[in-house]
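Undergrad: Take a look at this one; I'll ask things after.
The values are calculated or read from the model by the stated rules, or taken from the named source; none is laboratory data. For clarity, every value in this text was computed on a predicted model and none was experimentally measured. Backbone-built Cβ (ideal geometry, glycine too); neighbour counts: all protein chains shown. The protein model used for the area step is the full one, side chains on, heavy atoms only, and it has no ligands, DNA or RNA in it. Shrake-Rupley method; radii C 1.70, N 1.55, O 1.52, S 1.80 Å.
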Amino acid sequence: MSIAPLSRRATTAALGLLALLAALLTTAPPARADVPAFELLPMVPAGADHQQKLRAEVEYWTLARMAATGLNHESQDATAPPAGWDNLSKPWPQKQGLISRTAGKLFMVYTDVSTGAVSTSSCSGDVVTSGNQSVVVTAAHCLRIHTPLDIGFGNVLATNMVFVPGFNGASLPRNTTSTALPGKDIAPYGVWGVTREWITNTWSQSADWMLGRDMAAVLVANPDDPRPIEQVTGAQRIGFGQPQNQTNHIFGYPTINERNYYRPGNVPAALQRTFDGRSLMVTAGTTRNDPVYYNDVMPGAQAPGCSGGAFLQNFDPATGEGLQVGVFSRYDDPGQIIGLFGWVQGPNMSSTHFGAEEQAVYSAAAAASLP
């Protein structure tokens with residue numbers, strides 16, 4: 001069975017989808033405090049064979065599969081703007097502060113619900129404090145997408161997912177066929193299998209960005225380490241209903257340059273840059289609130305692959321600590337006459353701001369018992 005990244009699908013198909021949806025868009029409903037989280041089918045169910053299935057999930061991700069899924073589709077690595085990296089995006093130093101341990105890269109296998117076809121993709125996530133010390137938050141679309149008429153992104157569900165906190169792709173070779181598993185140089189805190197997953201109730205009904213609420217929480221476990229992940233990496237604090245229009249930071253692993261708004265030829269030379277998926281990047285700036293989707297929007301240059309990345313308030317660069325109040329969801333381009341076209345790529349980054357529905361998702365994951 002061939003496995004190809006979901007993000008290789010043609011941008012034109014996605015744009016066709018957005019044009020179709022534009023006529024349907026009215027406004028996103030406000031989050032309701034009484035809406036429970038929606039739990040997807042567990043990737044690694046509890047039972048006598050739980051550890052065996054957890055190990056199989058983790059060991060699926062050989063060096064060859066990680067490289068094919070988690071690096072860009074070109075033959076060259078990231079390139080900085082002519083004057084160097086800036087606040088639109090810049091690499092975060094390895095092992096600098098808490099965020100270098102809690103932020104990580106997600107690798108997923110998607111299964112098409114309609115056809116059974118398999119593809120792969122990557123996202124970003126972050127470890128947050130919880131009672132069971134095992135919660136990672138990300139974007140719901142990293143787990144489930146169902147666009148109308150299956151156009152563009154299709155009807156897919158993640159059926160295998162691992163989280164690599166502190167992922168460092170500097171030594172991950174391109175085009176490798178190695179069946180070896182990643183070592184500490186690539187996965188310094190191990191590879192953690194996703195066992196259970198929750199998304200917002202809104203996303204469970206409209207998994208296509210049309211109604212927003214693009215957030216998920218997952219439980220993770222490591223077949224080679226009995227400790228919960230928070231005891232290994234630490235965790236960021238998490239907050240809900242926090243003030244908007246603040247100075248914030250977004251952390252993620254931008255990878256795909258096909259939909260990189262700041263790619264060469266699309267913006268002035270001084271702003272041009274490319275990404276490779278190897279390194280954690282940070283974007284810093286002041287946000288504005290989107291009154292329709294309750295999102296936080298800020299100028300930012302991170303390509304796809306940063307989906308689900310941590311959106312932090314009150315971030316201290318010296319300690320790497322902040323308050324996570326959202327996750328990156330999609331792009332925003334105010335220059336588009338039909339705003340939905342700017343969701344595919346744009347000069348701004350739009351993050352889901354955690355409210356009541358996101359709190360329900362987090363609470364469900366944080367209160368869940370571990371196998």
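Undergrad: I need a count of the residues in the range 141-161 that are part of a loop (DSSP other than H, G, I, E, B) and modelled with pLDDT of 90 or more.
TA: Matching residues across the range 141-161 total 1.
Undergrad: Looking at the range 71-78, is at least one residue assigned to a helix (DSSP H, G or I) and either in contact (Cβ under 8 Å) with a residue 24 or more places away in the chain or surrounded by fewer than 16 Cβ atoms within 10 Å (Cβ to Cβ) (or both)?
TA: no
Undergrad: I need every pair where a residue in the range 259-274 that is open to solvent by 20 Å² or more (accessible area, probe 1.4 Å) has its Cβ under 9 Å from the Cβ of a residue that is modelled with pLDDT under 95 and of a type in the set (A, V, I, L, M, F, W, C), sequence separation at least 6 or different chains.
TA: Here the result reads Arg259/Ala14; Arg259/Val344, each pair linking the range 259-274 to a residue that is modelled with pLDDT under 95 and of a type in the set (A, V, I, L, M, F, W, C).
Undergrad: Test Ser89 against the criterion of being surrounded by 18 or more Cβ atoms within 10 Å (Cβ to Cβ), among the hydroxyl-bearing types (Ser, Thr, Tyr) and under 14 Å from the mean Cα position of the chain (by Cα), and give yes or no.
TA: No, not satisfied.
Undergrad: Conditions: (1) assigned to a strand (DSSP E or B); (2) out of contact with any strand residue (DSSP E or B) (no Cβ under 7 Å at 6 or more places or on another chain). Thr319 meets all but one. Number of the miss?
TA: Just one mismatch for Thr319, condition (1).
Undergrad: Any idea which of (1) of a type in the set (Phe, Trp, Tyr); (2) assigned to a strand (DSSP E or B); (3) farther than 23 Å from Leu172 by Cβ is the one Phe251 doesn't satisfy?
TA: Failing condition for Phe251: (3).
Undergrad: Collect the residues in the range 96-107 that are aliphatic (A, V, I, L, M) and crowded, with 24+ Cβ neighbours inside 10 Å, keeping them in residue-number order.
TA: Ile99, Ala103, Leu106 - these are the residues of the range 96-107 that are aliphatic (A, V, I, L, M) and crowded, with 24+ Cβ neighbours inside 10 Å.
Undergrad: Another question about this same structure. Kindly provide the set of residues from the range 161-197 that are out of contact with any Leu (no Cβ under 7 Å at 6 or more places or on another chain) and among the charged types (D, E, K, R), ordered by number.
TA: If the condition is that a residue be out of contact with any Leu (no Cβ under 7 Å at 6 or more places or on another chain) and among the charged types (D, E, K, R), then Lys184, Asp185 are the ones that fit.
Undergrad: Another one. Go through the range 214-248 and count every residue that is open to solvent by less than 10 Å² (accessible area, probe 1.4 Å) and either part of a loop (DSSP other than H, G, I, E, B) or touching a Cys at 6+ places or on another chain (Cβ under 8 Å) (or both).
TA: Total satisfying the criteria: 4.
Undergrad: Output the residues belonging to the range 120-139 that are open to solvent by 10 Å² or more (accessible area, probe 1.4 Å) and either assigned to a loop (DSSP other than H, G, I, E, B) or modelled with pLDDT under 95 (or both).
TA: Thr129, Ser130, Gly131, Asn132, Gln133
Undergrad: May I ask you to verify whether Pro347 is over 26 Å from Leu143 (Cβ atoms), touching a residue at least 60 places away in the same chain (Cβ under 8 Å), in contact with a Leu (Cβ under 8 Å, 6 or more places away or on another chain) and open to solvent by 10 Å² or more (accessible area, probe 1.4 Å)?
TA: Here the answer is no, as Pro347 does not meet what is asked.
Undergrad: Next question, about the same structure. Take the residues in the range 254-287 that are assigned to a strand (DSSP E or B) and of a type in the set (Val, Ile, Thr), then tell me which one is farthest from the chain's Cα centre (by Cα).
TA: Within the range 254-287, the match that is farthest from the chain's Cα centre (by Cα) is Val267.
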